[in-house]
Every structure is written in structure tokens, then in C-alpha cells.
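Here is the structure we will look at.
The values are calculated or read from the model by the stated rules, or taken from the named source; none is laboratory data. Keep in mind that what you see is a predicted model, and the values were worked out from it rather than measured. All Cβ positions, even for glycine, are placed from backbone atoms using ideal geometry, and neighbour counts span all protein chains on display.
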Amino acid sequence: MCGITGIISNNVVATELYESLLCLQHRGQDSAGITTYSDRFHLKKGMGLVREVFGQEEILALKGNVGIGSVRYPTVGGGVAEDSQPFIVSSPYGITMAFNGNVFNFWELKKELFDHDYRQVNSNSDVEVILNVFAYEMSRFCHKDFFDSVCLAVESVHKRVKGAYSVVAIIAGKGLVAFRDPHGIRPMVWGQRKNSFKTEHIFASENTMFEILDFDFYRDVEPGEVVFVDLQGKVFNKRVTVKEFRPCIFEYVYFARPDAFLNGVSVYRARLRMGQNLAAKIKRVHPKLQIDVVIPAPESANTAALACAHELGVRYSQGIVKNHFIGRTFIMPGQEVRQKANRYKLSVIDFEVEGNNVLIVDDSIVRGNVSKHIVNLVKKYGAKKVYFASASPALKYPDLYGIDLPTRDEYVAYNRTEDEVRKFIGADELIYQDLDDLIEAVTRRGDLKFTRPHCAYFDGDYPTGDVTEEVLQEVEMQRKGERNTKKENHKGNLI
């Protein structure tokens, strides 16, 4: 999962790209990068948080009125600066690109690009594969009308690239391109800022920076759509591939900031409804459960826990405090790093839990490390009973569209019954949200253009229709190999 943004403006864009990436930092902590364009590309990228990669000197060197940026959490590649975004190719024209998503036929395409298209992919970052596919197809069509060439190139990307992706790119001397995968699995919003000279445009994974930068929300980029804004500010757009709209439901459960508005749905409101539906299930399945206080697992569960407490008629308390400087452990690379971070991440306000029956509400239970740690902490501080509720169902299938859960045996619910999961995390009761109730929470209100979000990690229904058991096994073998290599490299660095 990554956060991307692209801006075409009347003024230098580097500062606004930097501010945009700060607003998207929750989507990736591995690396950050910005490319701008003014007669040539200006690139700065590196490992770490946005504020660590960019200082005043770096921002001043990023000249130009059009630019793209990325914060990255890797599913392919990662851990090295060479895999950070954006990437640049020199032909045709010169193209720079950043993306959010995952390409599960990455290795196949990398080989195909070298053997048949004579293009070298120099990293293990899947955006470089998309960039080279796009550039190769542009070179085939660039003698035609320019926007038609862009559309044909994007259509070829849709045919050749398997997975989910939202993309921003700059074509040297031409303008800014934004496009989305045919099912719209990964989000992309479009904002505009009107003035007397020409309308300025921003494309981003979320609209969390729009108000700060005085952009108005215009609309979502549609699934399968390409938008091109030339350097004179003229806008061209076309939906080049039409398939069923299946946006990722985990954006609403966990990834997106609560103030984001994606695919016509408020993330905050969706999470409130998750809490309402979760409370209804608790009343139905455990009508005699004695709960003294509802406490969220901070912080993506805060909204759902608040609504759940209200519906149950129970006191709500933020009795677990998060250290904001640790970061989001779910998107940290490597199990050992996540487990160590968990020990520093959370602390308990003892008088909020001592002597009480506590209901912990979390957005999901993934590997079970955080859940187990929270239950142990709350019990350590004197809770009588600790109940654990998840605002989403049990995760059982790998996601191949941008979430770093490629192997099934990483899930705590894999090959375990619900009661076995309860015992593993140490809770006195465990309640999972039903999938139908989660979908209802997301789709109950909003300007909806979809009815069936992507929920494959819960039910195995993959939107792209090309995920077989053989594909799952192949991807799992590749990812296990990558992780073992990273672990060995990490050990080597310590010797």
C-alpha cells in the first residue's frame, strides 16, 4: 500500500507535493519521493519518512509547475533506496511515474519486458514494470493523436498488468497523466482549484490534503479511466476499459484516514456504521455479556468503537494510549520489527480498566500479535474480563492487490477455529463482524457507483478473476523467498 499524489499548477508545486505527502504518510513509511518537471525532470527520493527525506534545500531544488510524489509501503521490493518511487525512463519523451497497488504478475512481466520488448527493469519495484509497459506502448502509438496514444497505452497496461493500481505520471513536455485499474480497486480522487489564469488539478490516493491546499473535491477518477491534463491546463479524459467497480473495502476498515472521502463514501461514516453493526451482533449473540467500558485499539478503531459503545449504552474510554512516533506496525516491513514496535507502541491508563469488564474493539485481527499484546496489557492492569471485538470478519485469504499479506499461514485465523483464535489472543470472548454487515456499513449511504466491494481477504472472491490456487501458491513462494532474503540481509548487517 502506498500514497501517491500529482499536481499541475500555475506555480511551483514542490512545497504542495511535500505537504500532500505529509497528509498521506499513514499509507507508507518505507520511503518517499518527488519528481517535478521544468524543461527536465528533478527527482529526490530516499528511505524514511517524508520529513526525513526532504529538507528546505531539497524542496528548493525541485523546480517546475507539475510534479508527482509517493510514500511507499512495499509489497514487492522495499528496504533499499533503489526500489523507492517515483521512477523515470527517458523514452519516449521522458516519463516519470508513481503508483499505489500491487502487480502480482511482476516477475513474469519483468522477464517479458526484457525478452520481447527489450526494456530493462532495474529494480524490484512493481511501478517500474508498469512504467516500462506504459512507455513501450506509448512508443508504439506516439505517431498518432497524443491523447489517443495515451489511451491506447493505458488500455495495454490494463491488458498486460495483473493486479490493482492507481497511477500518476508526467510525460516530459506534455503534461500530467492519472489512471486507475479497470475495477477501481485502489482509490484515486481528483481535486480542482480554480483561479483567473487556469484551473489547477490534484490527483491523490485520498483527499486528506485538499482543504489544506485549498483544492475543492471534484470527483473520483473512475475505474478504468485515464485523465490527461496538458501543460496549458486543457483536460482530456476517457474510460478506456469498462469492468465491474470493486473498490477495496479495507480502505474503509483500516488504511484510509477517517476524514477521507473515497468512491462516494465517507470513511468516517462507514466506520461509525461498522460500530453500530458490531454492537447489534454483540446484543444478538451475547445478550447477557456484562461490559463496563468499551476501549478502542488505537487508533483506526476509534470511530467504530465509539459507535459500538453508544449502541450498547456503555461508557466509551480511550484507555489505551498510542505512541505516535512508532508508526503503524501493520505496515512495518517484517514480523520481528512489528513485534518489537508493539512493545513500545501502547500503554494503558490503569484506572480505566482496573476492576472492569473491558470490551476492546479493533478494526481487524491480522497476525494476532497486537491483539494478544493488548489483551495481556489490559489484564496486567487489573481488568476482570477482557472481551475482544473486530469490526471486520476473520482474514483468511491473501490479498494480491496491495496489502502485504501474501501468505495464508500469516493470519491468526488460518486453520484455527474462532475459539482457537480467542485462546491464542487470551480474550474471554471474541466477536467478529459478519461480512454482510461490514459491506452494509460501507454501502448504506453515499453517492454509490458500486454494490460489491473487493473483500477477497475475507471470502476469496478476487475481482480480477485471474487468481487461481496456482497463482496464490506461486506468489506465496516468491514472497516467502523475499522475506527470507531480507531477514538474512538484516542479520548480515548486524554482524
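Residue-by-condition table, conditions (1) more than 20 Å from the chain's Cα centre (by Cα); (2) small (G, A, S):
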{"site": "E429", "(1), (2)": "yes, no"}
{"site": "Y432", "(1), (2)": "yes, no"}
{"site": "D437", "(1), (2)": "yes, no"}
{"site": "A441", "(1), (2)": "no, yes"}
{"site": "K449", "(1), (2)": "yes, no"}
{"site": "Y457", "(1), (2)": "no, no"}
{"site": "G465", "(1), (2)": "yes, yes"}
{"site": "E469", "(1), (2)": "yes, no"}
*Test Y432 against the stated conditions and say whether it is farther than 19 Å from V267 by Cβ and among the hydroxyl-bearing types (S, T, Y).*
yes
*Go through the residues of region 434-441 one by one and say whether even a single one is touching a residue at least 40 places away in the same chain (Cβ under 8 Å) and either in a loop (DSSP other than H, G, I, E, B) or among the aromatic types (F, W, Y) (or both).*
yes
_Whichever residue in region 213-271 is of a type in the set (D, E) and not in a strand (DSSP E or B) and, among such residues, is farthest from the chain's Cα centre (by Cα)_ = D214
*Of all the residues that make up region 234-265, how many are out of contact with any Cys (no Cβ under 7 Å at 6 or more places or on another chain), within 29 Å of S149 (Cα to Cα) and surrounded by fewer than 21 Cβ atoms within 10 Å (Cβ to Cβ)?*
9
*Go over the candidates V177, V189, V167, V157 one by one and state the one that is closer than 14 Å to R239 by Cα and touching a residue at least 40 places away in the same chain (Cβ under 8 Å).*
V177
*Can we say N132 is under 27 Å from R479 (Cβ atoms) and surrounded by fewer than 19 Cβ atoms within 10 Å (Cβ to Cβ)?*
no
*Would you pick out the residues in region 7-21 that are of a type outside the set (S, T, Y) and surrounded by fewer than 19 Cβ atoms within 10 Å (Cβ to Cβ)?*
N10, N11, V12, E19
*Of the residues in region 375-389, how many are in contact with a helix residue (DSSP H, G or I) (Cβ under 8 Å, 6 or more places away or on another chain) and either surrounded by 19 or more Cβ atoms within 10 Å (Cβ to Cβ) or of a type outside the set (G, A, S) (or both)?*
7
_Just to be sure before I move on: is V253 under 30 Å from A178 (Cα atoms), in the same structural domain as A172 (by TED's automatic domain parsing) and either in contact with a helix residue (DSSP H, G or I) (Cβ under 9 Å, 6 or more places away or on another chain) or free of Cβ contacts under 8 Å to residues at least 60 places away in the same chain (or both) in the structure I sent?_
no
_Matching residues in region 379-410 - criterion: being of a type in the set (F, W, Y) and part of a loop (DSSP other than H, G, I, E, B)_ = Y381, Y397, Y401
*asked:* Within region 449-461, take every residue that is in contact with a Leu (Cβ under 7 Å, 6 or more places away or on another chain) and buried (at least 19 other Cβ atoms within 10 Å of the Cβ) and give me the one that is nearest to K243 (Cα to Cα).
replied: C455
*Identify, please: which residue in region 23-65 is basic (K, R) and either in a loop (DSSP other than H, G, I, E, B) or touching a residue at least 40 places away in the same chain (Cβ under 8 Å) (or both) and is, among those, surrounded by the most Cβ atoms within 10 Å (Cβ to Cβ)?*
R27
*asked:* Which residue is surrounded by the most Cβ atoms within 10 Å (Cβ to Cβ), if the candidates are limited to region 194-212 and must be in contact with a Ser or Thr (Cβ under 7 Å, 6 or more places away or on another chain) and not in a strand (DSSP E or B)?
replied: S205
*Does F217 satisfy the condition of being among the aromatic types (F, W, Y), under 23 Å from S20 (Cα atoms) and crowded, with 22+ Cβ neighbours inside 10 Å?*
no
_So, E420, is that one farther than 26 Å from V471 by Cα, touching a helix residue (DSSP H, G or I) at 6+ places or on another chain (Cβ under 8 Å) and of a type in the set (D, E, K, R) or not?_
no
